[in-house]
Amino acid sequence: MTFLKLGDVLDQADSLSSSDHLYLPFDEAWTLETRAGLDPSTGLDGMPEAALEAELEPAIGMDAVQDVVINARDQLGTPAPDQLLAAFLFYYDNDAFIEF
């Protein structure tokens with residue numbers, strides 16, 4: 001498992017593996033500083049030990065995160081980090097892309 005901040009995941013989404021799954025803590029509000037884990041496991045076949053130790057749960061596939069970032073860039077050109085976070089949170093909550 002690779003650990004990054006959520007803001008770094010969003011910023012580097014295009015260079016991360018689309019086959020990975022994003023793990024996040026579900027006991028706090030997600031911000032750009034939220035600790036995140038990336039792992040090819042979806043958690044359906046058992047949680048990675050590193051995710052359990054870090055108290056992270058499977059959230060969403062990186063392919064969906066990459067689509068969110070692409071959509072934000074298509075609309076805004078170069079979105080600010082807080083705009084990427086807003087787009088990610090909107091997608092996670094609504095299963096739809098945000099309109100800026």
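The values are calculated or read from the model by the stated rules, or taken from the named source; none is laboratory data. Worth saying up front: this structure is predicted, and the values here are computed from it rather than measured. FYI the Cβ positions are ideal-geometry reconstructions off the backbone, even for glycines, and counts take in every protein chain you see.
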Practice problem: Filter segment 78-100 for residues that are within 18 Å of Gln12 (Cβ to Cβ), in a loop (DSSP other than H, G, I, E, B) and not β-branched (Val, Ile, Thr) and give the result. | Solution: Pro79, Ala80
Quiz prompt | Positions within segment 56-97 being modelled with pLDDT of 95 or more and charged (D, E, K, R), in sequence order | solution = Asp63, Asp67, Arg73, Asp74, Asp82, Asp93, Asp95
Quiz prompt | In segment 1-39, residue farthest from Pro58 (Cα to Cα) [restricted to those that are touching a strand residue (DSSP E or B) at 6+ places or on another chain (Cβ under 7 Å) and among the acidic types (Asp, Glu)] | solution = Glu33
Quiz item: Mind checking which residues of segment 31-52 are surrounded by fewer than 20 Cβ atoms within 10 Å (Cβ to Cβ) and touching a helix residue (DSSP H, G or I) at 6+ places or on another chain (Cβ under 6 Å)?
Solution: Leu32, Thr34
